[in-house]
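These notes are about the structure you will find just below.
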Amino acid sequence: MNVGWKLLKGKHSYGKVLELQEYLVKNRRTNTFLLLEHSPTYTVGRRIKEYDSKDLIALGAEFYSTKRGGEITFHGPGQLVGYPILNLTEFNLGVRDYICTIQNMVIDTCKEFGIKAKSTEHTGIWIDDRKIAAIGIQVQRHITSHGFALNCNTDLQWFEHIVPCGLKDKSVTSVSKETGKNVSVEQVLPVLLDCFGKRFRTSVVPLKDLNYSLDSEIENYLK
């Protein structure tokens, strides 16, 4: 079984990519793994019914309420965001197993950079009380959407305006902060793809090689 990965170059509006995810879920033909960086955006998950977003929007960020799990988080430049659009039945995975596989894939990626990360009772991936990656998914009729966000060389000051995932006594970190080096999204991407393939026991190939027409559709959708 193959998964087609697609890097969306540049910085992308959360709303536009959300529409793309919904389109791919509704018209799924190929297991697809979208990878990208968002322009500055705050999102809240299903647990939060109302949120006063005026101050966040005033910072120059977008704001969206979503159907993913979790509470509030930030997406922006320097953060590698992954949205797997997969049919879980083809991987023989239930929702809980899928979440664990995503968690372990991110942990494996961190390990490749010498970072000892782990999952806890809280959502996301952690180094002690510092959160390095957010995870929030949605599953509709066995098809996944939303996903994870791994801080590579993100400007962590954006997180100072919120309480990430509602945990007041925790902080946020990045691959760059933990290693003391400037580690970019471009450096993390091939490592993460390798870890994804191993954890999902699948071949991860460029989407254009797997389904050229779908790759072209995505390019046109984002224009």
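Return Lys170, Lys16, Lys6 ranked ascending by Cβ neighbour count within 10 Å, so the fewest neighbours appear first.
If I rank by nearby Cβ atoms, fewest first, I get Lys16, Lys170, Lys6.
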Going from the fewest other Cβ atoms within 10 Å to the most, one would list Arg29, Arg96 as Arg96, Arg29
Applying the Karplus parametrisation 6.51 cos²θ - 1.76 cosθ + 1.60 with θ = phi - 60° to the phi angles of the stretch 20-26, what ³J(HN,Hα) value in whole Hz is obtained for each residue in order, glycine and proline being reported as x? 4, 4, 4, 5, 5, 5, 5
Could you name the lysines in cross-link range of Lys223, using Cα to Cα under 28 Å and dropping any fewer than eight places away on the same chain? Lys6, Lys9, Lys11, Lys16, Lys26, Lys67, Lys208
Specify the inter-centroid distance of the stretch 60-111 and the stretch 157-206, based on alpha-carbon positions, in whole Å. 11 Å
Could you tell me what percent of the DSSP beta bridges with both partners in the stretch 2-216 are antiparallel, to the nearest 5? 60 percent
Between exposed GluC sites (Glu not before Pro) in the chain, where DSSP calls loop and at most 16 other Cβ atoms lie within 10 Å, what's the longest gap? 122-223
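FYI, it's all coordinate maths here, none of it is from the lab. For clarity, every value in this text was computed on a predicted model and none was experimentally measured. Using ideal geometry, Cβ is built from the backbone for each residue, glycine included, and neighbour counts are taken over all protein chains shown.
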